[in-house]
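The values are calculated or read from the model by the stated rules, or taken from the named source; none is laboratory data. Nothing here was measured: the structure is a model prediction, and the numbers come from that model. A quick note on method: Cβ atoms are made from the backbone with ideal geometry, for glycine too, and the neighbour counts reach across all protein chains shown. For accessibility, only protein heavy atoms count, side chains too; no ligands or nucleic acids. Shrake-Rupley method; radii C 1.70, N 1.55, O 1.52, S 1.80 Å.
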Amino acid sequence: LHLSLRRQRQMCIRDSLYTDYNTAFIKNDFPRIASHFEAPVNFASNGIIAQTEKDVVERYKVMKSTIQEGYAYSVTGDVTIKRQSDNSYLLCADFTRFNKQKEVLFEGRAEYQWINIADRGWKMNYLKGIDRGSNSACLL
């Protein structure tokens, strides 16, 4: 695959789709969050497989109900994206969660598998939280 096309795909995933996913996460827009996934989805940190879009919505509702107390918004830090094949990319992102007083509640890192689905575009089917303390950067 031509290098510039790879770069375009990486930028589309990172700058458009991942940004929209984060915005939906902050706003608790669960249908919009789920629209970025293709079931079945492997929530690897929890050992849970969401079989349907409805399951993805329910997983995020649980996730947000147990998030750090006082959570108001997240800010994305370093983002690394690596091509695994023409139709598969792994995105690793650092993020920080804040309360309304702009105090840090949590610093995390997550991996997201993006796959290209015919007629639907780029969708996630895997995500996993990673310990940010043991690694200085997203290493893919």
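Pick out the one residue from Arg59, Arg14 that is among the charged types (D, E, K, R) and farther than 18 Å from Arg109 by Cα.
Arg59
How many residues, within the range 82-94, are in contact (Cβ under 8 Å) with a residue 60 or more places away in the chain and open to solvent by 20 Å² or more (accessible area, probe 1.4 Å)?
Here the count works out to 2.
If you check Val79 against the conditions, is it open to solvent by less than 70 Å² (accessible area, probe 1.4 Å) and touching a Cys at 6+ places or on another chain (Cβ under 8 Å)? Lay out the reasoning, then the answer.
Working: open to solvent by less than 70 Å² (accessible area, probe 1.4 Å): yes; touching a Cys at 6+ places or on another chain (Cβ under 8 Å): yes.
When the stated conditions are applied, Val79 passes them.
When you scan the range 43-65, do you find a residue that is open to solvent by 50 Å² or more (accessible area, probe 1.4 Å), within 20 Å of Ile115 (Cα to Cα), under 15 Å from the mean Cα position of the chain (by Cα) and not aromatic (Phe, Trp, Tyr), even just one?
So far as the range 43-65 goes, yes, one or more of its residues are open to solvent by 50 Å² or more (accessible area, probe 1.4 Å), within 20 Å of Ile115 (Cα to Cα), under 15 Å from the mean Cα position of the chain (by Cα) and not aromatic (Phe, Trp, Tyr).
Hey, could you check the range 95-127 for residues that are modelled with pLDDT of 95 or more and among the basic types (Lys, Arg) and say which is surrounded by the most Cβ atoms within 10 Å (Cβ to Cβ)?
Going through the qualifying residues, I end up with Arg97.
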